[in-house]
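Each value in this text was obtained by applying a stated rule to the coordinates, not by laboratory testing. Please read all numbers here as calculations on a predicted model, not as lab measurements. Neighbour counts run over all protein chains shown; Cβ positions are idealised from the backbone, glycine included.
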Amino acid sequence: MSEVATSTRSRPRLLTAGGWRSLIRERPIVPLLGLLALLVVLSELIRPGIVSPNWAGVMVRAAIPLAILAGCQTITMLTAGIDLSVGAVASMSGFVVATLVGGPGLGVGIAVAFGVAAIVGFVTGIGVGIFRVHPLIMTLGMSLVVLGLANVWQIEMVQTGAGVPDAFRQLGAGMFFGVVPRSLLVFVPLAILIILVLNRTGFGRLLYAIGDNPVASRLSGVRSWQVLIVLYVISAVLAGVAGFLYSGLTNVASVTLADSALLPSVAAAVIGGTSILGGRGGFGGTIVGALILAVISSILSSLGYPEAVRQILYGAIIVFVAAAYTRITSEA
Amino acid sequence: MSTAVTDQKETIARSAGGLGAAVRRNGWTLGLVGILALLLVFTRMIQPTYGPSGVQGLAISVLPLALAAVAQTCAVIARGIDLSVGSMMALTSVISARLMEDQSEGFAVLVVIGVLLLGLVLGAVNGALVVVTRVPDIVVTLAMLFVWAGCALLVLNTPGGGSAEWLRGLTQGSIISEWVPKAAVVLIVVIAVIWIPIRRSKLGLSLFAIGSDPLAAFRSGVSVSRTKIFAYMLTGLFSALAGLSLTASTGIGTPVPGPYTLLSVAAVVLGGVSLAGGRGGVFGPVVAVVILSLLRTDMTFLNLNTNLATVAQGLILVGVVMVGSLIQLRRREP
């Protein structure tokens, strides 16, 4: 609703300097795509010939699970929340399926993983929505619970052994014609669904409303606790999907598999233009943010830089992009 | 000393509400101390041999996390949060371990002083970035988490280095009585020397002021930016101390950050420091760290799966915070 009002206001100024600023403010995805293109050109300059359809496929394949986890952060950050349990939930889901696929089968494994994820999300939602616990604390506590229970499960399962199911390996790591990652089969419908829900449904609007002004949304009759419970269940289930893809991509089933993706997922959402203070952002930018992070990783590893330099540059880029956003949007 | 105590007692006795107010103000911390006492009694019951050596082991294992919790407290009181505490610990730990390896004991003193100064600088960088970029604290320190962890990997690629003997001796063993572990004394001395003077100074007051209401603080003449940078410098200093204690207790430096950042946030919240800023102290978080650690010990005594201790930590964190916010909601309603 605010989008409509502001875009009509900014239309005449589009070609002036202020117009650029409002373009970046209203459509952060445009400069982000520019940054992504710049990084791709940079990759080609550093290693001529590296940019090929296959390379692009590998980049997309690496970015997809991260983008899904970053999607969890995006939808929770819209309500001024954050979900630090996605790493633990994703690892748990991948691990549970890997331990159950040998016995009860793939379908049961997936159902159990989604069921557990949904319960975790439900409890988180109750804590955040009804007890008004800070989301940072609530999700942190839940991630400890999930990690501990997954470890217990691991010890129970140690005799039967664990293997990543073939279907996940195909889906997570496979490519059509060596170019198009198969995980797009999961990701494209998911991404369309998330974007539609955020932009076209009442639930999506409620997320923006709660994050933008919780008091106003309460006074206009929003039962925010219901919205938050549903939100955190969705976030946990999405994390479960990401966990399946991670275990397929790396062919590893471990209870800490996706932990290292937790902070990059927040970073991808922030780079993608979603405000951690709530009310502003969207999933489109987040996808580009995840792609940017994947390309940066690839550039740095192709330069032969050690992990250390990669991390330092990673951090510097997050600060720089976030600062640029804040500078531009705060002058409104 | 004794007259001061009796004076205080009289004051409290004179105003009947005084004691009640004091209890109410520190109710959370008192409750934590009560829980800790119960837990100690419980430990003694399930493991009658739990004695001085157990307490010493507890103190040594608690020291790094307790200092990390104090570091986090400084940032949270000023309405910030520092996700880079664990990385700063790793960085200061590897630098100290690398510089102290095969060096004289005297040189190690210089190293310790240098590392503490470095901690102040790291914190100042964090704080300055928060103030200058106006990006939310959590995002800036998340980014700095990567930066400092990367720097730590540049200093030492794999765990290594060494520690001066006197530094190792500082945390191990006991002093005066076998029931008083040196590590606990170090913790108390560090807090007494650094935190308490600051808490009582004008600077400490402005720390709490910008935490509870930055605008009001600004209008009463407090430089919000400068105080915020100062808060992060304190966080950096305590993180450096925590890093040094890691080097001292393990004898080497490890470049990969431990789980300290998130546990420090958990301890701060359990310790009664409001994430909204401006309320709390360092005592509560330290007690919370001891409780969490003792709980883990108890679970091993009970032959329970230690992974259940992680579950218990999570449940306690969530449960305590839920109860806490429930009390607040109740209080607000009437």
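Taking amide H positions as modeled 1.01 Å from N, with prolines and chain starts lacking one, the residues under 5 Å from B:GLY160 and 5 or more places away or on another chain are B:GLY253. Rounded, prolate or oblate: which fits region B:166-316, taking a ≥ b ≥ c as square roots of the Cα gyration tensor eigenvalues, rounded meaning a/c under 1.5, else prolate when a/b beats b/c? In terms of gyration-tensor shape, prolate. Rounded to the nearest Hz, the phi-derived 3J(HN,Hα) couplings of region A:44-56 under the Karplus curve 6.51 cos²θ - 1.76 cosθ + 1.60 (θ = phi - 60°) are 5, 5, 6, 10, x, x, 6, 6, 9, x, 5, 4, 4, where x marks glycine and proline. Shielding by partners for peptide A:270-283, expressed as the average number of C-beta atoms from other protein chains within 10 Å of each residue's C-beta, is 1. Averaged over the residues of peptide B:129-137, the number of Cβ atoms from other protein chains lying within 10 Å of each residue's Cβ is 4. Each stretch of four or more DSSP H residues adds -39500 (n - 2.57); spread over every residue of the protein assembly as shown, this sum gives -25000 deg cm²/dmol at 222 nm. Phi angles of region B:310-322 translate, via the Karplus equation with coefficients 6.51, -1.76, 1.60 and θ = phi - 60°, into HN-Hα couplings of 4, 4, 4, 4, x, 5, 4, 4, 5, x, 4, 5, 4 Hz per residue; Gly and Pro are given as x.
Could you work out the local net charge near B:GLY80, counting Lys and Arg as +1, Asp and Glu as -1, over the other residues with Cβ closer than 11 Å to its Cβ?
Details: positive: B:ARG79, B:LYS228; negative: B:ASP82, B:ASP137.
Combined, the nearby Lys, Arg, Asp and Glu give 0.
Relative intensity of region B:62-258 on a log10 scale, I(q)/I(0) at q = 0.13, 0.17, 0.18 Å⁻¹, equals -0.67, -1.05, -1.14, per a Debye sum over C-alpha point scatterers of equal strength in the absence of solvent.
Fewest Cβ neighbours within 10 Å first, please rank B:LEU122, A:LEU277 accordingly.
On the way: B:LEU122 27, A:LEU277 13.
Listing B:LEU122, A:LEU277 from fewest to most nearby Cβ atoms yields A:LEU277, B:LEU122.
Given the options B:ALA66, B:PRO214, B:GLY173, identify the residue whose Cα lies farthest towards the positive end of the charge dipole of region B:62-258 (+1 on Cβ of Lys, Arg; -1 on Cβ of Asp, Glu). Working it through, the farthest residue towards the positive pole turns out to be B:PRO214. Charging the Cβ of each Asp and Glu at -1 and of each Lys and Arg at +1, and nothing else, the dipole of chain B about its Cα centre rounds to 1140 debye.
Neighbour counting of Cβ atoms within 10 Å sorts the residues A:ILE276, A:ILE29, fewest neighbours leading, into A:ILE29, A:ILE276. In sequence order, region B:251-267 has phi-based couplings of x, 9, x, 10, x, 8, x, x, x, 5, 4, 5, 5, 5, 4, 4, 5 Hz under the Karplus curve 6.51 cos²θ - 1.76 cosθ + 1.60, θ = phi - 60°, and Gly or Pro positions carry x. Backbone amide hydrogens, once placed in the peptide plane, bring B:VAL180 within less than 5 Å of B:ILE175, excluding anything fewer than 5 places away on its chain. For the protein assembly as shown, a simple Cβ point-charge model (Lys and Arg +1, Asp and Glu -1, everything else neutral) yields a dipole of about 1980 debye relative to the Cα centre. In percent, rounded to a whole number, the relative contact order of chain A is 33, using alpha-carbon pairs under 8 Å and six or more apart. Only one residue of A:LEU84, A:LEU171, B:ALA240 has its Cα farthest out toward the positive end of the dipole of the protein assembly as shown, where Lys and Arg carry +1 and Asp and Glu -1 on Cβ, and that residue is A:LEU84.
Average 1/r across all pairs of distinct alpha carbons in chain A, invert it, and you get the Kirkwood radius: 20.6 Å. Measuring max minus min along each principal axis, the C-alpha atoms of the protein assembly as shown give extents of 81, 61, 50 Å (largest first). Near A:THR79, the amide H atoms lying under 5 Å from its own belong to A:GLY279; only residues 5 or more places off or on other chains count, and H is placed 1.01 Å from N. Inter-chain neighbour count for A:262-268: the average number of beta-carbon atoms from partner chains within 10 Å of each residue's beta-carbon is 3.
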